[in-house]
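All remarks here apply to the structure that follows.
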């Protein structure tokens, strides 16, 4: 047995290290299973990616939104004209 030559203090220290490692592992698993927190982090990451440091939308995000809006308008106009 590898622990046979250890003093009681060394064994207690080893047990304390293993408990700490186990606690860290449980915390990591808990964080991975917390879907709500993960969703909130994802929303925050997306918001950070879509805004500048002062909180304004990035120009490329505005351009993409404008393009989508223009495409939607063109599609609606095209369908209305086609049906008449």
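Bear in mind that the values in this text are calculations on the coordinates, not laboratory data. Since we're looking at a predicted model, the values are computed, not measured. All Cβ positions, even for glycine, are placed from backbone atoms using ideal geometry, and neighbour counts span all protein chains on display.
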Task: Residues 25, 51 arranged by fewest to most Cβ contacts within 10 Å - done: 25, 51
Task: Helical mean residue ellipticity (222 nm; -39500 (n - 2.57) per DSSP H run of 4+; nearest 500) of the chain - done: -28000 deg cm²/dmol
TODO: Quick one: angle between helix 35-50 and the longest Cα principal axis of the chain, in degrees between 0 and 90, rounded to 10, please.
DONE: 50 degrees
Open item on the list: Could you check the spin-label model distance between residue 45 and residue 69? Points 7 Å from the Cα along Cα→Cβ, value in nm.
Closed with: 2.9 nm
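Suppose R0 equals 41 Å; then what is the FRET efficiency for residue 56 and residue 79 from their Cβ-Cβ distance, rounded to the nearest 0.05?
Working from the Cβ atoms, E equals 0.75.
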- [ ] Obtain the nm distance between the two label points defined at residue 10 and residue 30 by a simple spin-label model: each point lies 7 Å from its Cα along the Cα-to-C-beta direction.
- [x] 3.3 nm
Open item on the list: Please report Rg (one decimal) and Dmax (integer) in Å for the Cα set of the chain.
Closed with: 28.3, 93
